[in-house]
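Participant: Structure in structure tokens, see below.
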Amino acid sequence: MKHGIRFLCGCVLTFAVASAASAASQWVQTWGAAPLPPTPALGPFPATPAFNNQTVRQTVRVSAGGRRIRIRLTNEYGTKPLVIGAARVALADEKGNIQPGTSHPVMFSGRSSVTIPAAAPFVSDPIDLPVKALGSLSISLYLPEDTGQCTCHQVGVQNAFVSDTGDFTDKAFEPKQTLQMRVFISGVGVESPQPARAVVILGDSISDGVGSTVDTNHRWPDLLANRLDAKGAGAWGVVNMGISGNRILGDGAGQSALARFDRDVLSTPGIKDVIVFEGVNDLGISHGIPKGPMAERFKAMAPAHKVTADDLIAGYRQLIARAHAHGLRIVGATITPYGGAMYYSPDGETIRQALNKWIRTSHEFDGVIDFDAVIRDPGDPTRIKEGFHAGDHLHGSDAGYEAMAAAIELSLLN
């Protein structure tokens, strides 16, 4: 009997120690980029590329730090299997310069190569590479076979480098091509030794960072990550799921926010909060008369039925209900001014004002970030104040994004 009691006590102790170790660390997403289907060349945006017997080296800046990492690759819009011949990850500076002695192979079920099925993501094995909060990683992928047009994120605002031919995952190379896309990567997770949680930004090009300086991590979500890290009180993963041109109700620049919410938001490891900052493209594409190099594309995306304030409020309510069903807080951001932009219209402006009033006063979101109040011109509230836009009266400048991030009340987040 005594032996049985000792055995039982030993089992309980072992279980308690294992549980404590498990509770002391957790996986949380620390970086993300929403996958997009291939597209032809659109105005200033090049066609989605394909690769064959080439290495692509990309730099990402994490938000939360951790003692191990894992990388999420994506072939979600691929029409055939994607072969990854080799992959490596290393600590890097913001411009991708690898820190000596930090390069590690990326493995998949213990193997150095993997074939990712068409229409699927693939998560790597954990990698014993400690990374600090706000640190940068260099990720190199060798693509030995013709990939077809890639599952890429179109707007990286970060230089990525493509080799001529061959596997250069473990060595330097002279780039044959420089891109500003995210190629076959959609997420990085970290195993955090301290309490950790993720906030996901569901947004459009203003969250994607259009207008900010390349290779500086000056998108407003990056600057929010800086503030949350300075605040302390655990680790914060800030996951930017902005897509340039994205809409709440319509496809065209990726799937609509309603269609991609489960994949890009609800499936995020460690998620506690969502910030929704979308709507201006619904207004501009539906009500504007676009001008410039993207005009024909926007006209083709215009819905048969012009969206109303009630349509968009119904869309917001769908996102709120789905977030709450998963126990998440969801914060709404007011739509920023776009007077002077190529698809501005007085009708769209009237709806924008009605939507912002609803966001501020309905109390249906769990909190409100009033980006409109932060960057509008006091003399002309239909426009962004000078110095805060990138010259197109729609996207922020570095200064505009800094003002937006600085205005977020951190107590809104868990």
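Participant: Which of the residues spanning the range 258-304 are of a type in the set (Asp, Glu) and in a helix (DSSP H, G or I)?
Facilitator: Matches in the range 258-304: ASP262, ASP264, ASP282, GLU296.
Participant: Right, here's the next one. Looking at the range 217-228, which of its residues are more than 13 Å from LEU413 (Cβ to Cβ) and surrounded by fewer than 24 Cβ atoms within 10 Å (Cβ to Cβ)? Give the steps one after another, and end with the answer.
Facilitator: The first filter runs over the range 217-228 and keeps only residues more than 13 Å from LEU413 (Cβ to Cβ), leaving 217-220, 222-223, 226.
Of everything in the range 217-228, those that are more than 13 Å from LEU413 (Cβ to Cβ) and surrounded by fewer than 24 Cβ atoms within 10 Å (Cβ to Cβ) turn out to be ASN217, HIS218, ASP222, LEU223, ASN226.
Participant: Next question, about the same structure. When you scan the range 79-122 for strands (runs of 3 or more DSSP E) that lie fully inside it, which ones turn up with 2 or more residues that are more than 19 Å from GLN54 (Cα to Cα) and either at pLDDT 95 or above or not assigned by TED's automatic domain parsing to the domain that holds HIS153 (or both)?
Facilitator: Values: elements: 82-84, 86-92, 114-116.
Once the strands (runs of 3 or more DSSP E) in the range 79-122 are filtered for at least 2 residues that are more than 19 Å from GLN54 (Cα to Cα) and either at pLDDT 95 or above or not assigned by TED's automatic domain parsing to the domain that holds HIS153 (or both), what remains is 86-92.
Participant: For the range 107-154, which residues satisfy the criterion of being of a type in the set (Ser, Thr, Tyr), crowded, with 19+ Cβ neighbours inside 10 Å and out of contact with any Leu (no Cβ under 8 Å at 6 or more places or on another chain)?
Facilitator: First pass over the range 107-154, keeping only residues of a type in the set (Ser, Thr, Tyr): 109, 112-113, 115, 124, 136, 138, 140, 142, 147, 151.
Filter once more, so that each one left must be crowded, with 19+ Cβ neighbours inside 10 Å: 124, 136, 138, 140, 142, 147, 151.
Within the range 107-154, SER140, TYR142 meet the criteria.
Participant: Give the residue that is farthest from LEU412 (Cα to Cα), with candidates limited to residues of the range 163-183 that are buried (at least 20 other Cβ atoms within 10 Å of the Cβ), in contact with a Gly (Cβ under 9 Å, 6 or more places away or on another chain) and not aliphatic (A, V, I, L, M).
Facilitator: THR169
Participant: Another question, then. Looking at the range 227-253 only, could you name the residues that are assigned to a helix (DSSP H, G or I) and in contact with a Ser or Thr (Cβ under 9 Å, 6 or more places away or on another chain)? Walk me through how you get there before you give the answer.
Facilitator: As a first pass, look at the range 227-253 and keep what is assigned to a helix (DSSP H, G or I): 227-231.
Listed by number, the residues that qualify are LEU228, ASP229.
Participant: Then there is this: I'm trying to understand the selection: among the residues of the range 165-203, which are farther than 20 Å from THR268 by Cβ and assigned to a strand (DSSP E or B)?
Facilitator: GLN177, THR178, LEU179, VAL183, listed by residue number.
Participant: So, one more: Among the residues of the range 133-146, which ones are in contact with a strand residue (DSSP E or B) (Cβ under 6 Å, 6 or more places away or on another chain) and under 30 Å from VAL28 (Cβ atoms)?
Facilitator: Those that are in contact with a strand residue (DSSP E or B) (Cβ under 6 Å, 6 or more places away or on another chain) and under 30 Å from VAL28 (Cβ atoms): SER136, LEU137, SER138, ILE139, SER140, LEU141, TYR142, LEU143.
Participant: Let me spell it out: the conditions are (1) without any contact (Cβ under 8 Å) to a residue 12 or more places away in the chain; (2) surrounded by 24 or more Cβ atoms within 10 Å (Cβ to Cβ), and GLY284 meets all of them except one. Which number is the exception?
Facilitator: Single failed check for GLY284: (1).
Participant: Output the residues belonging to the range 204-216 that are in contact (Cβ under 8 Å) with a residue 60 or more places away in the chain and either surrounded by fewer than 21 Cβ atoms within 10 Å (Cβ to Cβ) or assigned to a strand (DSSP E or B) (or both). Spell out how you get there, then give the answer.
Facilitator: So in the range 204-216, the residues in contact (Cβ under 8 Å) with a residue 60 or more places away in the chain come out as 204-207, 209-213, 215-216.
VAL210, THR213, ASP215, THR216, listed by residue number.
The values are calculated or read from the model by the stated rules, or taken from the named source; none is laboratory data. The shown structure was predicted, so the numbers you read here are calculated from the model rather than taken from an experiment. When we count neighbours, we look across all protein chains shown, and the Cβ atoms used for this are built from the backbone with ideal geometry, even at glycine.
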